[in-house]
Amino acid sequence: MLSRHVTTIAGDKVFLRPLTVEDATLYPDFLADVTAEDLRLRFFAPMRQVNPDLIDKLIHYDPKRAMAFVAIDDATGKLLGVVRLHDDADGTSGEFAILLRSNLKGHGIGWLLMKHMIVNAKAKGLRAVRGQVMTENSTMLQMCGELGFHAIDDPLERGVKDVTLPLDELPAEAVYFP
């Protein structure tokens, strides 16, 4: 299911749907509410802002080899978060990345986006979803643990955990949305 309406743990109504090119207009307001620290945790490099070229790159993706979903506030139409999954060259697994408005961390939006991405990755036939998380990003590591990801130290990058979710091991109820 590519699009769906969901309710956060705080009771907010959110629409999860694929990212479109038109969403570029939502990015400036969205990124204004993302701290420099959260940008560093997402992109693994210090940055104060995301330049227009990077936004252009983020919104243009090949849907045959990648998927990207946004969470849109039903009441305001504002972009709350985005999750992406890029297939590996062999097409059996993919690497994810996620970014939320900093003030919304802990509201369940990241969890809903990740679950939505996992459901769609499993439906696409991928066998695993993986990502890299800085060890200091305890919130993300906790969420990954709650979703069933296995975490190990990255052998090539100090201070980074490799998180992997084998999709073929997931029971049907693990990817169920109420």
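In the context of the full set of protein chains, the chain has a per residue accessible area of 53 Å² (1.4 Å probe). Remark: region 105-111, residue by residue, has Karplus-estimated 3J(HN,Hα) of 4, x, 9, x, 5, x, 4 Hz, where x stands for each Gly or Pro and the curve is 6.51 cos²θ - 1.76 cosθ + 1.60 at θ = phi - 60°. GNM remark for the chain: springs join alpha carbons under 10 Å apart, and the peak mean-square fluctuation among ALA97, ALA66, ALA123 falls on ALA123. Full extension of the chain between PHE15 and SER3 yields a length gain of 3.6 nm, computed as 0.36 nm times the residue separation minus the alpha carbon distance. The share of accessible area on the chain that comes from carbon and sulfur is 55 percent, using a 1.4 angstrom probe. Once the Cα-Cα distance is subtracted from the 0.36 nm per residue extended length, the ALA66 to GLU157 segment shows a gain of 30.3 nm. Could you list, in their original order, any pairs among LYS78/LYS115; LYS64/LYS124; LYS13/LYS124; LYS78/LYS122; LYS13/LYS78; LYS57/LYS124 whose Cα atoms are separated by more than 18 Å? Violating the 18 Å limit, Cα to Cα: LYS78/LYS115; LYS13/LYS124; LYS78/LYS122; LYS57/LYS124. For LYS161, nonlocal amide neighbours, meaning residues 5 or more places apart or on other chains whose placed amide H falls under 5 Å from its own, are VAL133, MET134, THR135, ASP154.
Along the axis of the charge dipole computed for the chain (Cβ charges of +1 for Lys and Arg, -1 for Asp and Glu, origin at the Cα centre), the listed residues LEU141, VAL34, HIS5 are led at the positive end by HIS5. Among the chymotrypsin sites (Phe, Trp or Tyr not before Pro) found in region 85-178, those both in a DSSP coil and sparsely packed, with 13 or fewer other Cβ atoms within 10 Å of their Cβ, are TYR176. Residues in region 79-90 carry Karplus couplings, in order, of 6, 9, x, 9, 10, 10, 9, 10, 5, 6, 4, 7 Hz; the curve used is 6.51 cos²θ - 1.76 cosθ + 1.60 with θ = phi - 60°, and Gly or Pro positions show x.
In this simple spin-label approximation, THR76 and ASN51 carry label points 7 Å from Cα along the Cα→Cβ vector, and these lie 2.9 nm apart.
Comparing ASP62, ASP23, ASP12 in a Gaussian network model of the chain where C-alpha atoms under 10 Å apart are linked, the largest mean-square fluctuation is found at ASP62. Rounded to the nearest whole Hz, the Karplus-based 3J(HN,Hα) values (6.51 cos²θ - 1.76 cosθ + 1.60, θ = phi - 60°) of region 95-104 follow the sequence 10, 9, 8, 9, 8, 10, 4, 4, 6, 9, with x at glycine and proline.
The dipole here belongs to the chain: it is taken about the Cα centre, uses +1 on the Cβ of Lys and Arg and -1 on the Cβ of Asp and Glu, and is about 240 debye.
Sparsely packed loop sites in region 80-178 (the GluC sites (Glu not before Pro) outside DSSP H, G, I, E and B with at most 14 other Cβ atoms within 10 Å) comprise GLU136, GLU157. The shape of region 92-153 comes out oblate: with a ≥ b ≥ c from the C-alpha gyration tensor, a/c is at least 1.5 while a/b does not beat b/c.
The values are calculated or read from the model by the stated rules, or taken from the named source; none is laboratory data. Just so it is clear, the structure is predicted and the values come from calculations on it, not from any experiment. With ideal geometry, Cβ positions are generated from the backbone for all residues, glycine too; neighbour counts draw on all protein chains shown. In case anyone asks, the SASA skips ligands and DNA or RNA and just uses the protein heavy atoms, side chains included. Shrake-Rupley method; radii C 1.70, N 1.55, O 1.52, S 1.80 Å.
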